[in-house]
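A.B. asks: Provided herewith is a single structure, encoded as structure tokens, for subsequent inquiry.
The values are calculated or read from the model by the stated rules, or taken from the named source; none is laboratory data. Quick caveat: nothing in here was measured; it's all calculated off a predicted structure. For neighbour counting, all protein chains shown are included, and Cβ atoms are generated from backbone atoms with ideal geometry for every residue, glycine included.
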């Protein structure tokens with residue numbers, strides 16, 4: 001112990017005023033020993049806290065949440081993936097319906113690997129955030145974890161608010177013996193983070209009728225119709241085609257909420273000139289700000305339906321019709337078979353679901 005203390009001490013080993021005969025330490029030296037030991041040991045323990053890639057990547061994600069994931073770029077391509085032994089969880093940046101960003105990682109893996117990934121991820125998170133409260137529920141072989149500050153509550157389906165837990169980890173066993181593993185961390189500094197709406201103090205005499213929902217309590221009319229159209233891309237939208245109205249342009253049996261017009265028409269894929277079909281809806285808005293809000297909302301709604309393995313990208317380009325600059329968000333099926341595009345140009349928004357089969 002004496003050697004350890006002297007190694008860390010700012011004083012020289014032969015500083016005799018700090019010693020008495022017989023190598024006994026005086027009172028000042030005795031008081032210094034615990035402090036000096038802390039100076040040596042604590043930094044070493046802190047460095048060892050994140051000695052593996054999983055822990056380091058989780059710390060990267062937690063730190064990025066503080067800055068609204070800005071360092072990950074517009075499509076999240078610069079962000080890390082989670083990897084546990086041979087199990088990899090690809091990740092990407094997404095947005096909730098209320099536009100709060102999150103960083104989500106997902107994979108469907110063999111049961112044993114999924115269980116190992118869950119246990120390792122939870123252990124690493126607890127070591128990184130020892131002051132957080134981890135709410136763990138494990139019915140059967142599934143696991144659901146919400147984590148955050150001690151007083152946080154579980155977020156609703158429409159997105160997180162101030163005071164709600166920012167982190168979620170879950171594993172769900174599948175009928176084929178595999179396991180779906182989800183991890184996501186919500187932004188801690190999003191400009192869209194607001195306090196949840198207060199419940200009305202007096203209940204209305206007549207409760208309004210809820211919007212019809214064919215499946216799942218978190219899927220409204222827009223969600224249901226988007227799912228129908230998205231599935232119809234597999235047969236060039238024949239399932240939602242009504243009748244030809246103008247040349248090859250076709251009416252559709254499905255219209256997305258708020259859109260001025262939704263149609264089906266032929267499409268050409270540059271630069272290969274590959275022929276295809278597209279489902280198109282337009283939303284003219286009263287201002288550029290309202291169009292921006294619509295644009296972000298459509299992205300969030302599309303991401304809730306589009307498979308997680310479809311890469312997304314956002315950039316600027318020239319509008320072919322007006323020559324003005326527009327913003328395009330795009331999600332492309334692996335292999336480039338189909339894609340979803342959302343355009344923002346001035347005060348107008350357009351959604352295109354492309355079928356290249």
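A.B. asks: If I go through the range 252-263 residue by residue, how many of them are closer than 17 Å to residue 355 by Cα and either assigned to a strand (DSSP E or B) or not assigned by TED's automatic domain parsing to the domain that holds residue 239 (or both)? Lay out the reasoning, then the answer.
C.D. replies: First, the residues of the range 252-263 that are closer than 17 Å to residue 355 by Cα: 252, 254, 262-263.
This time we only want the ones that are either assigned to a strand (DSSP E or B) or not assigned by TED's automatic domain parsing to the domain that holds residue 239 (or both), so: 252, 262-263.
Looking only at that region, the number is 3.
Table: residues versus (1) out of contact with any helix residue (DSSP H, G or I) (no Cβ under 9 Å at 6 or more places or on another chain); (2) at pLDDT 90 or above; (3) at positive phi.
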{"site": "230", "(1), (2), (3)": "no, yes, no"}
{"site": "237", "(1), (2), (3)": "no, yes, yes"}
{"site": "262", "(1), (2), (3)": "no, yes, no"}
{"site": "271", "(1), (2), (3)": "yes, no, no"}
{"site": "282", "(1), (2), (3)": "yes, yes, no"}
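A.B. asks: Which of (1) surrounded by fewer than 17 Cβ atoms within 10 Å (Cβ to Cβ); (2) farther than 25 Å from residue 305 by Cβ does residue 118 not meet, given it meets every other one?
C.D. replies: Answer for residue 118: the failing condition is (1).
A.B. asks: For a quick check of your reading of the model, give me the residue pairs whose first member lies in the range 264-292 and is in a loop (DSSP other than H, G, I, E, B), whose second is exposed (fewer than 11 other Cβ atoms within 10 Å of the Cβ), with beta-carbon atoms closer than 9 Å and at least 6 apart or on different chains.
C.D. replies: Note: no pairs meet the criteria.
A.B. asks: Within the range 145-169, track down each residue that is buried (at least 16 other Cβ atoms within 10 Å of the Cβ), over 23 Å from residue 223 (Cα atoms) and at pLDDT below 90.
C.D. replies: 152, 164
A.B. asks: Would you check if residue 252 is without any contact (Cβ under 8 Å) to a residue 40 or more places away in the chain and crowded, with 19+ Cβ neighbours inside 10 Å?
C.D. replies: Working: without any contact (Cβ under 8 Å) to a residue 40 or more places away in the chain: yes; crowded, with 19+ Cβ neighbours inside 10 Å: yes.
Taking the combined requirement at face value, the residue satisfies it.
Yes or no, residue by residue, for (1) more than 27 Å from residue 331 (Cβ to Cβ); (2) touching a residue at least 60 places away in the same chain (Cβ under 8 Å); (3) part of a strand (DSSP E or B); (4) not assigned by TED's automatic domain parsing to the domain that holds residue 172:
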position	(1), (2), (3), (4)
61	no, yes, no, no
80	no, no, no, no
88	no, no, yes, no
97	no, yes, no, no
106	no, yes, yes, no
114	no, yes, no, no
123	yes, no, no, no
127	yes, yes, no, no
131	yes, no, no, no
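A.B. asks: For the range 327-357, which residues satisfy the criterion of being modelled with pLDDT under 90 and more than 20 Å from residue 303 (Cβ to Cβ)?
C.D. replies: Within the range 327-357, 345, 346, 347, 356, 357 meet the criteria.
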